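Below is one structure; the comments refer to it alone.
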Amino acid sequence: MNTDVKDILGILEELNVSSGFDVLIPSLKKEIKFKHLSTEQLKSLLKTVVDSPIYNSQFTTTFNRIISENCLDTSVDIKTFTIYDKLFVLFKTRIESVSLDYSFEFSDEEIKEHSLVLDDTKKKVIDLSDHFIKFAKKQYEFLPETINHGTCSIVCDLPSIETENRLERELHKNVKIEVESPEELREIVGETFINEITKYVAKIVTEKNTIDFSTLDFKSRIKIIEQLPTNIINKVIKFIENYRNKTKELITVNVLGVDKDISLDASFFNM
């Protein structure tokens, strides 16, 4: 490599480090410094637009990799970041590296129903930073929850980034992007339901032993989950719903009287 090219790459790397931004990591209760997205990283995120809309697998693993690459605090273990921590990194990275402006497009039906006055683009821009700061101030805390069933206890907890990565590697690596029949769709929906529940189970404790799910592959985890009674599964689902209902406040914005959702996929990083 040309010496001049090496020099400029070194300068750019130093600039990325010195001009980084702080992100609050809720599970650590402190701020961690991150580098801005590089153009190469942004390109890799945008390329995941062809990802399966059901699994969003490529976007998940790509952004998880970027979290690891861009974290400037070597004292923390990125793998232990929870999916809640990840939301903070995701939004702050979008705001700091792309733009604090985020636009929502309205359908003709929405415009008519709510008597909206918009320009020809049918879009409304919000300040994403202001929206994120309001959510962060609520300081939600998600603690492990134990579900007791006779002599058995199931411990629920938020999945880590490493758990997400393992799920994608083991179950979604060769997933089909296109669903070609209702039967395939039903199968995928059923699998997705079980996979999501499995992500949130941390361990199962019985009189004889404790099964730490982090030590198991996902096929083994799923076999165990499928044998649990439905009343336990319903309580696990309530744990998941509690998390989703709270974080929905971050991904849902009331714009001109209409609730609009922010898509946490490649489109989130469009300029």
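Where a number appears in this text, it was derived from the coordinates with a stated rule and is not lab data. If you're wondering where the values come from, they're calculated on a predicted model, not measured in any experiment. Positions of Cβ are generated from backbone atoms using ideal geometry, with glycine treated the same way; all protein chains shown enter the neighbour counts.
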Output row, site Thr206, 7 Å Cα→C-beta label point, backbone N cut-off 16 Å, window the range 149-164, residues 149-155
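What order, most packed first, do the peptides 32-43, 56-67 have when packing is the mean number of other Cβ atoms within 10 Å of each residue?
56-67, 32-43
Rounded to the nearest 0.05, what FRET efficiency is calculated for Val258 and Gln139 with R0 set to 25 Å and r the Cβ-Cβ distance? Mind dumping the intermediate values first?
Values: r = 28 Å, r/R0 = 1.11.
Computed FRET efficiency for Val258 and Gln139: 0.35.
Give, in nm to one decimal, the length gained when the segment between Asn242 and Val50 is fully stretched (0.36 nm per residue of separation minus the Cα-Cα distance).
Values: separation 192, 0.36 × 192 = 69.12 nm, distance 3.05 nm.
Stretched fully, the Asn242-Val50 segment lengthens by 66.1 nm.
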In nm, the gap between the two label points placed 7 Å beyond Cα toward Cβ at Phe193 and Lys122 is 3.4
Among the lysines, which fall within straight-line cross-link reach of Lys208, defined as a Cα-Cα distance under 29 Å, with same-chain neighbours fewer than 8 residues apart omitted?
Lys199, Lys219, Lys223, Lys235, Lys238
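Taking 0.36 nm per residue of sequence separation and subtracting the Cα-Cα distance, how much length would be gained by fully extending the chain between Thr146 and Leu72, in nm to one decimal? Walk me through the numbers on the way to the answer.
Working: separation 74, 0.36 × 74 = 26.64 nm, distance 3.46 nm.
Taking 0.36 nm per residue and subtracting the Cα distance, the gain is 23.2 nm.
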